[in-house]
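Please read the structure below before turning to the comments.
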Amino acid sequence: MTTLSFELPDGSTETVNVKKLLNAGYAGRNQEDVQAHIDELAELGVPAPTTIPSLYPVSPYLAQQTEIVDVQHNKTSGEAEWAIIFTANDVLLTVACDHTDRALEEHGVAWSKNASPDVLGKKAWRLKDVEENLDAIQLEAFVTDADGNEQQIQNGTLAELLPPKYWIEKLTERGDAEEGTILISGTIPMDGEVNQFANAWRVAMTNPDTGDSIEIAYTVKPMPEPIG
């Protein structure tokens, strides 16, 4: 069983044994924009979901706090997201990056979500401590190319996504709002002019009220060619 630890602002640590990992999809708060995005993806061969927003179960071991993501080819990329983590007595909020196999996505979104890890921050906030200012929290992603140049590829706020409260209610209905469950939020729009198939990803979630920020950063590492 995967065990993750999160450092909180007061210096304490919460440790969680991951039992369920769920990825939200097409989870923008403006569902008309979401439908437009689905139509764009359909033109690229990505199958449309039967329900929006969607929810994809992911193997729990793919919840990782890692600095290296191993990939099988050069058509993979991250997605800036938030994550909620259910502990024994609380719900935590941290930053996340759902690394996705874009080639496999054309055959099935759920398959693509299980091909690479969901990278989570090593720090977290208690959701109740930031809930009043949740929509103002900034979410950014940056990619680094082979020459070491970093560019911003995503920039928005949590107001663009369905809030944690929405998903907590849905998970409660499903019986999944329990210790060991992690839900990843779905992502904000990408800048189509920036190459998403990058050598490295960095994602930051910043609270403008306090200036506190939680970041993750990882290198994308190509695996050796298969033999046979």
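The values are calculated or read from the model by the stated rules, or taken from the named source; none is laboratory data. Since this is a predicted model, take the numbers as computed values, not measurements. Here the Cβ positions follow ideal geometry from the backbone for every residue, glycine too, while neighbour counts run over all protein chains shown. The accessibility values were calculated without ligands, DNA or RNA, using every heavy atom of the protein model including side chains. Shrake-Rupley method; radii C 1.70, N 1.55, O 1.52, S 1.80 Å.
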(Q) Quick check on segment 100-171: take the gyration tensor over C-alpha atoms, sort the square-rooted eigenvalues as a ≥ b ≥ c, and tell me if it's rounded (a/c under 1.5), prolate or oblate. (A) oblate
Q. From the backbone phi of segment 212-228, what are the Karplus-calculated ³J(HN,Hα) couplings (6.51 cos²θ - 1.76 cosθ + 1.60, θ = phi - 60°) in whole Hz, Gly and Pro given as x?
A. 5, 9, 10, 10, 10, 8, 8, 9, 8, 10, x, 7, x, 4, x, 10, x
Q: Quick one: which residues, 5 or more positions from residue 157 or on another chain, have an amide H under 5 Å from its amide H? H modelled 1.01 Å from N in the peptide plane, none for Pro or chain starts.
A: 139
Q) Which of rounded, prolate, oblate describes segment 18-108, given a ≥ b ≥ c as roots of the alpha-carbon gyration tensor eigenvalues and a/c under 1.5 marking rounded, otherwise prolate only if a/b is larger than b/c? A) oblate
Q: Determine, for each peptide in 118-125, 166-173, the mean count of other beta carbons within 10 angstrom over its residues, then list the peptides with the highest first.
A: 118-125, 166-173
Q | Separation of the residue 3 and residue 111 label points, Cα + 7 Å toward Cβ, nm | A | 3.6
Q: Write down the accessible area per residue of segment 89-197 in Å², having rolled a 1.4 Å probe over the full set of protein chains.
A: 45
Q. Using θ = phi - 60° and the Karplus form 6.51 cos²θ - 1.76 cosθ + 1.60, what ³J(HN,Hα) does each residue of segment 132-144 get, whole Hz, x for Gly and Pro?
A. 5, 10, 4, 5, 7, 5, 8, 10, 10, 10, 10, 10, 10
Q. Which peptide among 12-18, 22-28, 105-111 comes first, and what is the full order, when sorted by highest mean count of other Cβ atoms within 10 Å?
A. 22-28, 105-111, 12-18
Q. How much length is gained if the chain between residue 66 and residue 17 is pulled fully straight, taking 0.36 nm per residue apart and subtracting their Cα-Cα distance, in nm to one decimal?
A. 16.0 nm
(Q) Can you give me the C-alpha center-to-center distance between segment 51-123 and segment 202-226, rounded to a whole angstrom? (A) 12
Q) Amide H of residue 76: which non-local residues (sequence gap of 5 or more, or other chain) have their own amide H closer than 5 Å, using H built in the peptide plane? A) 102
**Q.** Calculated FRET efficiency for the pair residue 225/residue 136, C-beta based, R₀ 45 Å, to 0.05
**A.** 0.45
Q: Find how many whole Å separate the alpha carbon centroid of segment 1-19 from the alpha carbon centroid of segment 153-171.
A: 21
Q) Residue-wise, which Karplus ³J(HN,Hα) couplings in Hz belong to segment 180-189, taking 6.51 cos²θ - 1.76 cosθ + 1.60, θ = phi - 60°, and x for glycine or proline? A) x, 8, 10, 10, 9, 6, x, 10, 9, x
Q) Relative contact order (percent) for segment 80-194, with alpha-carbon contacts under 8 angstrom and 6 or more residues of separation? A) 32
Q) Of the accessible area of the chain, with the probe set at 1.4 angstrom, what percent is carbon plus sulfur? A) 47
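Kindly state, to the nearest 0.05, the FRET efficiency for residue 48 paired with residue 152, given R0 = 30 Å and r defined as their beta-carbon distance.
After rounding to 0.05, the efficiency reads 0.55.
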Q: Determine the sum of side-chain charges near residue 79: Lys and Arg each +1, Asp and Glu each -1, restricted to other residues whose C-beta is under 15 angstrom from that of residue 79.
A: -4
Q. Against the longest principal axis of the chain, how steep is helix 164-174, in degrees 0 to 90 to the nearest 10, with axes from Cα atoms?
A. 90
Q. Just how large is the dipole of the chain about the Cα centre, in debye to the nearest 20, putting +1 at every Lys and Arg Cβ and -1 at every Asp and Glu Cβ?
A. 680
**Q.** Hits among lysines - C-alpha to C-alpha of residue 128 under 30 Å, sequence gap 8 or more where chains match
**A.** 19, 20, 113, 165, 170
Q | DSSP-assigned coil residues among chymotrypsin sites (Phe, Trp or Tyr not before Pro) in segment 168-228, each with at most 15 further Cβ atoms within 10 Å | A | 197
Q: Can you bin the chain into rounded, prolate or oblate? Criterion: square roots of the alpha carbon gyration tensor eigenvalues sorted a ≥ b ≥ c, rounded for a/c under 1.5, prolate for a/b above b/c, oblate for the rest.
A: rounded
Q. Against the longest alpha carbon principal axis of the chain, how many degrees, from 0 to 90 and to the nearest 10, is the axis of helix 31-43 turned?
A. 20
